[in-house]
Amino acid sequence: PPANMGRAPRPPDGGWGWVVVFGAFVSIGFAYAFPKGIAIFFKEIQDFFGTSYGEIAWVSSIMLATMYGAGPISSILVNRYGSRPVVIFGGLLCGIGMVSAAFCTSILQLYICVGFITGFGLALNLQPSVIIIGKYFLKRRPIANGLAMTGSPVMLCTLAPLNQFLFDNFGWRGSFLILGAILLNCCVAGALFRPIGAAPASVKTQVTEEGKDALKEEVTEDAMEMSSPTNVPMEKKMEEEGGKDCCEKINQYLDFSLFKHRGFLIYLFGNVLMFLGFFAPIVFLAPYAKHIGIDEYSAAFLLSILAIVDMIARPTTGIIANSKWVRPRIQYFFSFSIAFNGTCHLLCPLASSYTGLVIYSVFFGLAFGMVCAMLFETLMDLVGAARFTSAVGLVTIAECCTILLGPPIGGTLIDTFGDYKYMFIKCGAVMVLAGTFLFIMNYYNYRMLAKEEKEIKAKEEDPKSVRTENEGRNNWNKETTQDGPELEPLREEQEGLKKEVNGT
């Protein structure tokens, strides 16, 4: 209907949104699982180029750092062009990066092709996929986010045996060519992201806006003719407005005012601290199993157990988070998940047998899935769907530093003490601290929000404050009419123009 023309549409909470969830499932799955699954080729690449394990491990580190560090660029592109073209372009970059890596002749070229080009392509897949879910879902958003985030463990379970099969039959160069073609499926996933745009404005609205612009120009010209000595200050003012317009353009694509948002800052500090211990236990789980005398296949199976439990935990967490008991205070649930994850790591050194490690993998997979399912949902709950694009970009670039530092710090502890338990204790203590920090600060944030809401309601219900505001406005209008009688002809002419514009 014409009354709704120009307004942003409501999220449909279904329909084509479930197709969008499937596309996000594919894109997010490749973004999170590919840097882990590619590690199976490192041994042969290391022997081929004659490099150390530390040098070859930088391939995954650069890829992860680029994927998170390119968050603001991805946010700007999504705000400018939308999710669909950005994901399609990211899929093309992933394919080009892996195909180019098949012809590399040095480890430095692998850093560029696999680390930077493919990592940047994965960054363009990750954020737009999360952002568009917020545009299609509102009431069922936690469920949709949980289903989309399930793509990570599903892809990890699929890529691990697939990469082993490709490695045995085609070597690492042939495998990279095939993986480049497989990553082009991200373009297909991006094509499913049909945009939800605002309806075009009506002709009457456009005519009215043109009339208003013409009115502003005429009034400005008259004012400049009446007071010619003020031409120089007017020029300075226009230059200042031009500078403001430049800042507004930058802020349009990346909202830096979020750093004044109390809830966003709490989320940012808590997550930066959490990522110091988030990925290291996954990296060192299989080596720890081998260290205590478990065979290679059984050690690798621990990761499969973790991925299967993670696969079930993510959608289940989304359903629980969407319930009427948890949704209003979802930040507490997220804090509990982080602290629960850290507690599992603190208890891991007690598992000295394979049965103990299997139990640890089950609880670790459950806690890991809970955190990942709510990682973006809690951010959207704090800042809203309108500012979520900028929030994701700013958060990921802050997180990329601790993501890079987490595993090396864990490796340094293992090298220093010759035991894995100190690495698990470090990761557990950091995550318990992060969960406790988020719980306390979110409690404070909820209290402050309730207090601010009461103050707003009190002002609205108090008739004296409303009366005082109205009296102030009336007095200001009287003063402006009394002062400056020489502007009355211009004011009358301006009012006549406004009536003509409204008549159009």
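At-a-glance table
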item	result
log₁₀ of I(q)/I(0) at q = 0.09 Å⁻¹ - the range 57-194, Debye sum with one point per alpha carbon	-0.28
Å² of accessible area per residue within the range 12-196, as computed with a 1.4 Å probe and no ligands counted	37
Projected label distance in nm at Tyr422 and Lys290, using a 7 Å step from Cα toward the beta-carbon	2.2
Cys348 accessible area, assembled protein chains, probe 1.4 Å, Å²	0
Distance in nm between pseudo-label sites at Leu347 and Arg329 (7 Å out along the Cβ direction from Cα)	2.4
Exposure rank, largest accessible area first [Lys459, Lys135; 1.4 Å]	Lys459, Lys135
Residue-wise HN-Hα coupling along the range 411-421, computed from phi with Karplus coefficients 6.51, -1.76, 1.60 (Hz; x: Gly, Pro)	x, 5, 5, 5, 5, 6, 9, x, 8, 7, 5
Computed accessible area, Lys324, all protein chains, 1.4 angstrom probe, square angstrom	150
Cβ-derived FRET efficiency at R0 22 Å, Val188 paired with Tyr81, nearest 0.05	0.75
Extension gain, Ala386 back to Phe259 (0.36 nm per residue minus Cα-Cα distance, nm)	44.2 nm
Total charge dipole magnitude, the range 12-196, about the Cα centre, Cβ charges on Lys, Arg, Asp, Glu only, Debye to nearest 20	740
Exposure rank, largest accessible area first [Leu108, Leu184, Leu306; 1.4 Å]	Leu108, Leu184, Leu306
Over 23 Å (Cα to Cα) - which of Lys36/Lys139; Lys43/Lys290; Lys260/Lys426; Lys260/Lys451; Lys324/Lys459 fall in this group	Lys36/Lys139; Lys260/Lys426; Lys324/Lys459
Label-to-label distance, nm, for residues given as Val19 and Phe269 (7 Å Cα→Cβ offset)	4.5
Accessible area of the range 313-468 belonging to carbon and sulfur atoms, whole % at 1.4 Å probe	69
Solvent accessible area, Å² - Tyr446, 1.4 Å probe, full protein context	40
The range 299-441, dipole about Cα centre (Lys/Arg Cβ +1, Asp/Glu Cβ -1), debye to the nearest 20	360
Accessible solvent surface per residue of the range 304-437, calculated while the other protein chains remain in place, 1.4 angstrom probe, Å²	38
Residues Tyr443 and Thr105, FRET efficiency given R0 of 56 Å [Cβ-Cβ distance, rounded to 0.05]	0.50
Accessible surface, 1.4 Å probe, highest first, among residues Trp172, Trp18, Trp325	Trp325, Trp18, Trp172
Stretch gain in nm, segment Lys459-Ser298, where the contour uses 0.36 nm per residue and the Cα spacing is subtracted	51.4 nm
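The values are calculated or read from the model by the stated rules, or taken from the named source; none is laboratory data. Please read these numbers as outputs of a predicted model, since none were measured by experiment. Methodologically, a virtual Cβ is constructed for each residue, glycine included, from the backbone with ideal geometry; neighbour enumeration extends over all protein chains shown. SASA here: full protein model, heavy atoms, side chains in, ligands and nucleic acids out. Shrake-Rupley method; radii C 1.70, N 1.55, O 1.52, S 1.80 Å.
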